[in-house]
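Notes to accompany the following structure.
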Amino acid sequence: MRWQSFARRIRMLARSRDAEHELSEELDFHLAMQADKHVAAGLDAPAAEHRARLEFGNVELVKEDARDARGTRAIDETLGDVRYAWRAIRRAPLFALAVVTTIGIAVGLNAAAFTVFDAYVLRPLDVRDPSSLYIAAWVDRTGSVRNIAWTDYASLRRASAAVADLAALRSIAMRVRGGSATGDAVSASYFRLLGVMPALGSMLGGADGPTPDASATVVLSHALWQSRFGGDSSVVGQHLLLRGRAFRIVGVARAGFEGLFKKPRDFWIPLGALALLADSGASPALDGLSLVARLAPGESQREAAAAIGSAMRSLTVSRGASDRAERVMLLPHSSAIAPSVGAYAAYAPIALTFGLVLLLACANVANMLLARGLSRQRELGVRLALGATRVRLVRQLLVESVMLGAPAIVLGFGVAWVIIVAGVRTLFATLPPDLVAFVRLVPLVPDARVFAYGAVAALASAVAFGLTPALQSTRLSVVQATRGEFARLASPARVQGMLIVLQVAVATLLLTSGSALLRQTTRMTGVETGLRVRDVVSVESDRRWRAGVLRRLTASPAVAAIAGASVPVLDANLPLVDVARVGDTLEVPTQYNRVTASYLDLVGVPIVAGRGLASSDKLGGSAVVVSEAAARRLWPRGGAVGQTLELRPRAPASARDSLDRFRQARVVGVARDVVTPGGASDPAVMYLPASLQSVDCCLLVRARGDATQAQRSITADLDAFVPGAVERIDRLDTFVAGAIYPYRAAYWIALVLGSIALALTVAGVHGVISYIVAQRSREMGIRLALGATARDVLEVVLGRTARQALVGVAIGAALAMGAGRAIASQIQQMPALDLVAVLAAVVVVFMACIAAAAGPSSRATRTDPNVALRHE
Amino acid sequence: LVSTTDTNPMTRLDLLQGTLDLLILRTLAGDPRHGWAISERIQQLSQDVLQVNQGSLYPALHRLEDQGWIAAEWGVSELGRRARFYHLTAAGRRQLAKESDEWARLTAAVGRVMRLA
């Protein structure tokens, strides 16, 4: 329809009463002229008029056709429907309010969840043409996925035409201006490839030659510039200390660009500058780089992968099997979490949970609309009898549904906005304070996509469930409809029953998950990590400053004892090695850490047999301490102390590790089991000797007095020594809190969702039972009149609810146990659901249902037979 | 759409779809006319072969008006009564030219087939 003609129709509508009048006048004129003609031909006036009317035919039909021809009829009728629906809403405002609130809350919850999903997975990276970006990795002959080394990258750059550009990078974390920060060391092509412009100064650039740019220069992210430099516009040209080295700030990236990955990046340095930051000063091998590729226009992922693959194969053809390339994988990287099956699968349980709440809300609305559709049965029947077409009735009900859906959308967005704002506030308010510095959120702004999602969800639920009764009603014959009869199969009672069962099942499922998570949190809080964490502070420093840092720590009054470990305790996964008895085939995967002699004592792990490590044990030598679990598995009959074990590293040891310097080791002691992050529940652990000077990562300090105080005074002390010499200072209990936090958060979310689900279910049950009681008041009256006791009536109504609730609860519990097992198999440290959790949820949901039905049921017992029978 | 005088059903002509529209447009090519005058004019010029069915005339007029090819104004009829006068719009004139061409082509083609086949 062209706009002008639409506008004319609207104008015509505005004066539709005039138009009606004009149409009548026009036709009257015609009849008069025709009659005049007949008079002129010799008829008398009444006969002429009669003849003219006969010739003309049915005037009303002509009017109808003329109205149709004007094209305003559809608009006219729809406006009529709107007015009619508005009157219906005004007649039952509480009903409308209930529907709008229910859909609004459910849509709001889902829009909020979708916003988070969208921000991380769907929203494309803020760079030029993100859809042609790929992350590349190569697979060696043994099937391991490998990152690339600088030399190969430099050769690949020249090799392939399928790729428009390549960039290499490696992430790096350190303290910047007193706070932790994550950055990327990038090749010169990086910013050019991404098309990211500076907000200030310039970006890192130039050409990637045979050796990487090694200048001590740094580009800051816009966020870091704002937060730690106060947006100082003279920052370009200033120097920034990174691990004690002065880096010249050459520019600030434009706002919005925060790297290519989930965790926002704070700064970028040239790849070659990694050597300046390396521990020993000697330049280490530049390997383990991530490769970013931009495909040439029109190039397919498969062709490009094949082209780079063959280049990589010919590069590595002369190397050993474990270093020879088999093929190259390209993974699309258009958003921070690459859109892959894995990303969607990880999100699925959350989407499912929120989706279930929406389903529940829809079931409620369907129930309400169904009950209403029933009470409007007669009205619809009368309209059918008066000649309304089915299409007309459906359109009317559709308009009513949309009028309920539209405000629900608005409410939904309000709810989503509140949830996001409150959620982020709550997150920062409840996070253990030491973790706040590590948490950076991408901006969570509901955008057009989220709006579309919410609008579609709200309208779809309103329309789908608004139309169900409409379709059901209009399928009836006129006679049945006016009597209020239904086809047997789709009888509303049956549909309502199924909806109740569905609701109860969903509520049970959600509450079961909630209570399982609660038990998990309490268990984790209660469980000892096996480590004395309360007063231990972990200091990560660069090895170049190790001697000075050690001197300061030893002198500090806040320090009671010092130990060292190669891998941060509780914060990172320990490396794995297969361990066996000498000559035995049984291999036990064992986590290992290199620690100083004082370590086990400092973190409070008792030696249960033999002795601990001693400072006299040769470094990287042959004395080891194993955990009880390791000892039990290797020597089930005991007597581990004094035995010799064999180390069988899985992959060729990297340059950084030197496990294969010794192949065999003697067990000097057995230590109590501890909990390690990311591992199984009782991991086999092995401790190898190291010295305070040689440990890779962390110095552990037992604080004298309050740990927070000690942490602060040590930080001040070391920062005064060399700014940037210390990368991180953390209390160990922070890590414990950090490990528990996700479960606590998940528990609260599950609890809130479960409560909403339960409330919806209770409201649904209450509504349906009230309705049924009202509907069947006549039957109840007759029963009571015939001598049924209140108890009998109660049994009829409550029995129905109890049966449905039982079925629902059983389905929900079964689903929960199935889902629990599936989740437990995906996520470590997540136990399968326990019976207590399931039982608790089942009892709560069942009792809630009975309670919801109790009110209306007791009303049924008080039915006065006289009143009920007179009512018909 | 348009029927011949109902005295003899055998002379009834089934007109092609849209012919009434064309006739109305053509009738309005000159002076503005009201509905009755249009039907009279068609009847007159066709020497009573075509008698416009009133049931079709007014819906057709309103449809043409909706399409923007004709416009209506209230005026005073020959006999001094208020009547709704229709006239062609610019778009209507273009449409008339187009449809006249098509009509001429169609009748010429049909005529040729009838002569030569």
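The values are calculated or read from the model by the stated rules, or taken from the named source; none is laboratory data. A quick note: this is a predicted structure, and the numbers were derived from the prediction, not measured. For neighbour counting, all protein chains shown are included, and Cβ atoms are generated from backbone atoms with ideal geometry for every residue, glycine included.
Among the residues examined, residue A:345 does not qualify as at pLDDT 75 or above and either in a helix (DSSP H, G or I) or under 22 Å from residue A:506 (Cβ atoms) (or both).
Reported count of residues in region A:29-46, each being among the polar types (S, T, N, Q) and away from chain B (no Cβ under 14 Å), is 0.
When we screen A:92, A:69 for residues that are within 14 Å of another protein chain (Cβ to nearest Cβ) and touching a Lys or Arg at 6+ places or on another chain (Cβ under 9 Å), the only hit is A:69.
Among the residues of region A:550-600, those that are in a helix (DSSP H, G or I) and either without any contact (Cβ under 8 Å) to a residue 40 or more places away in the chain or surrounded by fewer than 17 Cβ atoms within 10 Å (Cβ to Cβ) (or both) comprise A:551, A:554, A:555.
Would a scan of region B:58-71 turn up a residue that is within 11 Å of chain A (Cβ to nearest Cβ), more than 18 Å from residue B:18 (Cα to Cα) and surrounded by fewer than 17 Cβ atoms within 10 Å (Cβ to Cβ)? Checked against the condition, which is being within 11 Å of chain A (Cβ to nearest Cβ), more than 18 Å from residue B:18 (Cα to Cα) and surrounded by fewer than 17 Cβ atoms within 10 Å (Cβ to Cβ), region B:58-71 yields at least one hit. Considering region B:80-107, and only residues there that are surrounded by 10 or more Cβ atoms within 10 Å (Cβ to Cβ), part of a helix (DSSP H, G or I) and among the small types (Gly, Ala, Ser), the residue that is nearest to the other protein chains (Cβ to nearest Cβ) turns out to be B:91.
Per the conditions (1) farther than 23 Å from residue A:309 by Cβ; (2) touching a residue at least 60 places away in the same chain (Cβ under 8 Å); (3) in a loop (DSSP other than H, G, I, E, B), the sole criterion not satisfied by residue A:114 is (3). Screening residue A:89 with (1) over 40 Å from the mean Cα position of the chain (by Cα); (2) closer than 30 Å to residue A:388 by Cα gives one miss only, at (1). Of all the listed residues (A:26, A:49), the sole one being more than 8 Å from chain B (Cβ to nearest Cβ) and either among the charged types (D, E, K, R) or touching a helix residue (DSSP H, G or I) at 6+ places or on another chain (Cβ under 6 Å) (or both) is A:49. In the set (1) in contact with a Phe, Trp or Tyr (Cβ under 6 Å, 6 or more places away or on another chain); (2) within 21 Å of residue A:182 (Cα to Cα), residue A:291 fails one condition alone, (1). Within region A:52-66, the set of residues being under 12 Å from residue A:31 (Cα atoms) and more than 8 Å from chain B (Cβ to nearest Cβ) comprises A:52, A:53, A:54, A:59. Just checking, how many residues over region B:23-36 are assigned to a helix (DSSP H, G or I) and away from chain A (no Cβ under 14 Å)? The total comes to 4.
Here's the yes/no breakdown for (1) in a helix (DSSP H, G or I); (2) in contact (Cβ under 8 Å) with a residue 40 or more places away in the chain:
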residue: B:38; (1), (2): yes, yes
residue: B:41; (1), (2): yes, no
residue: B:49; (1), (2): no, yes
residue: B:58; (1), (2): yes, no
residue: B:64; (1), (2): yes, yes
residue: B:68; (1), (2): no, no
residue: B:78; (1), (2): no, no
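Against the test of being farther than 30 Å from residue A:148 by Cα, over 24 Å from the mean Cα position of the chain (by Cα) and buried (at least 20 other Cβ atoms within 10 Å of the Cβ), the options A:107, A:100 yield a single qualifying residue, A:100.
The helices (runs of 4 or more DSSP H) falling completely within region A:221-338 that include 2 or more residues that are buried (at least 21 other Cβ atoms within 10 Å of the Cβ), over 28 Å from the mean Cα position of the chain (by Cα) and at negative phi map to A:301-315.
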